[in-house]
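Have a look at the structure below, then the notes.
The values are calculated or read from the model by the stated rules, or taken from the named source; none is laboratory data. Just so it is clear, the structure is predicted and the values come from calculations on it, not from any experiment. Heads up, the Cβs are rebuilt from the backbone with ideal geometry, glycines too, and the neighbour counts pull from every protein chain shown. Calculation scope for accessible area: heavy atoms of the full protein, side chains included, ligands and nucleic acids excluded. Shrake-Rupley method; radii C 1.70, N 1.55, O 1.52, S 1.80 Å.
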Amino acid sequence: MRVFKYLFWILYRIWFYVLVALPIVFLFPLLFVSILKEKWYPFFFKLARIWAKFILIGMGFYFKIEREQTPEYGKSYMLIANHTSMADIMLMLVTVSNPFVFVGKKELANIPLFGFFYKRTCILVDRSSVRSRQAVFLRAQRRLKSGLSICIFPEGGVPDEAILLDDFKDGAFRLAINHNIPVVPITFADNKKRFSYTFFSGGPGVMRVKVHTFLPTEALQIEHTKSLNQTSRNIILNQLKSFG
């Protein structure tokens with residue numbers, strides 16, 4: 001029985017990468033054209049949402065999304081969520097229909113096919129480089145001024161699986177305050193169970209999402225960064241405990 005379990009997990013992981021690659025291959029001409037100009041990014045984003053749904057459904061994941069508030073189209077937001085799985089990117093794309101740009105680690109740009117578009121559409125950061133982290137703010141500012149939203153996983157990486165929720169970095173909250181945009185806390189309940197970074201684990205099932213009430217920043221100053229950070233983390237942490 002154990003042998004069949006391991007065989008399933010191996011095939012399941014391979015199937016994930018097949019699902020990641022297939023839409024990119026078939027949609028390559030459209031995807032390529034959509035990244036030629038920044039103003040065409042909303043079209044690329046629509047294609048990315050199709051890609052994300054294709055993967056999640058193909059993996060046997062069905063998503064259940066509860067919203068306390070919904071982003072208004074044409075407004076910019078700072079989207080944050082807990083980070084536990086490679087499927088977090090896809091689930092975020094499915095959850096939020098407003099065009100947004102990911103801030104993510106540069107290592108993902110090395111993934112064949114996916115990496116080609118990832119490094120041309122996302123804001124890449126080398127977390128070991130102070131200069132790279134500072135450059136993120138400049139690139140994010142340009143995207144926000146064009147009316148897009150920004151998505152950051154503020155744990156700064158995927159924590160050890162024994163950790164329910166790691167400490168948050170301040171960058172997302174500093175950006176939100178600087179640009180007077182609301183912070184949108186989002187909790188992913190089941191991604192670690194469904195498809196974690198542990199190779200021999202996972203399987204089809206529900207992915208629950210909670211989009212929380214937005215946190216306004218208009219009245220905040222940069223010295224409020226830590227308190228906004230902690231408030232946001234507490235919202236997600238309490239929801240994770242509530243999900244069980």
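Scan the range 72-91 for residues that are under 11 Å from the mean Cα position of the chain (by Cα) and either small (G, A, S) or assigned to a loop (DSSP other than H, G, I, E, B) (or both) and report the count.
7
Based on what the data block shows, is S232 open to solvent by less than 30 Å² (accessible area, probe 1.4 Å), in contact with an Asp or Glu (Cβ under 8 Å, 6 or more places away or on another chain) and of a type in the set (G, A, S)?
So S232 does not fit the description; no.
Step by step: first the residues of the range 109-135, then only those that are at pLDDT 80 or above and touching a helix residue (DSSP H, G or I) at 6+ places or on another chain (Cβ under 7 Å), then the one that is surrounded by the fewest Cβ atoms within 10 Å (Cβ to Cβ). Which residue is that?
G115
Looking only at the range 194-213, which residues are open to solvent by less than 20 Å² (accessible area, probe 1.4 Å), within 16 Å of M78 (Cα to Cα) and not in a strand (DSSP E or B)?
H212
Is there any pair with a first residue in the range 28-47 that is of a type in the set (S, T, Y) and a second that is surrounded by 13 or more Cβ atoms within 10 Å (Cβ to Cβ) whose Cβ atoms are under 6 Å apart and which are 6 or more apart or on different chains, and what are they?
Partner pairs satisfying both residue conditions: S34/F43; S34/F44.
Among (1) closer than 30 Å to R2 by Cα; (2) in contact (Cβ under 8 Å) with a residue 24 or more places away in the chain; (3) open to solvent by 50 Å² or more (accessible area, probe 1.4 Å), there is one condition I222 misses while meeting the rest; what is its number?
(1)
Of all residues being open to solvent by 20 Å² or more (accessible area, probe 1.4 Å) and modelled with pLDDT of 95 or more in the range 181-193, which is nearest to R67 (Cα to Cα)? Just the residue, please.
That would be A189.
Which of the residues that make up the range 169-193 are assigned to a helix (DSSP H, G or I) and of a type in the set (A, V, I, L, M, F, W, C)?
Of everything in the range 169-193, those that are assigned to a helix (DSSP H, G or I) and of a type in the set (A, V, I, L, M, F, W, C) turn out to be A172, F173, L175, A176, I177.
Spot the failing condition for A162; the list is (1) modelled with pLDDT of 95 or more; (2) over 15 Å from I123 (Cα atoms), and only one is missed.
Going through (1) modelled with pLDDT of 95 or more; (2) over 15 Å from I123 (Cα atoms) one by one, A162 breaks only (1).
What is the one condition in (1) open to solvent by 60 Å² or more (accessible area, probe 1.4 Å); (2) in a loop (DSSP other than H, G, I, E, B); (3) more than 30 Å from P42 (Cα to Cα) that D166 does not satisfy?
For D166, the failing item is (1).
Could you run through the range 194-230 and say how many residues are modelled with pLDDT under 95 and either closer than 20 Å to R67 by Cα or of a type in the set (S, T, Y) (or both)?
Counting residues in the range 194-230 that are modelled with pLDDT under 95 and either closer than 20 Å to R67 by Cα or of a type in the set (S, T, Y) (or both) gives 4.
Report yes if F243 is open to solvent by 40 Å² or more (accessible area, probe 1.4 Å), of a type in the set (F, W, Y) and over 18 Å from V158 (Cα atoms), otherwise no. Write out each step before concluding.
Numbers: open to solvent by 40 Å² or more (accessible area, probe 1.4 Å): yes; of a type in the set (F, W, Y): yes; over 18 Å from V158 (Cα atoms): yes.
Against the criterion (open to solvent by 40 Å² or more (accessible area, probe 1.4 Å), of a type in the set (F, W, Y) and over 18 Å from V158 (Cα atoms)), F243 qualifies.
Among K106, K75, which is in contact with a Lys or Arg (Cβ under 8 Å, 6 or more places away or on another chain) and surrounded by fewer than 21 Cβ atoms within 10 Å (Cβ to Cβ)?
That would be K106, the only listed residue that is in contact with a Lys or Arg (Cβ under 8 Å, 6 or more places away or on another chain) and surrounded by fewer than 21 Cβ atoms within 10 Å (Cβ to Cβ).
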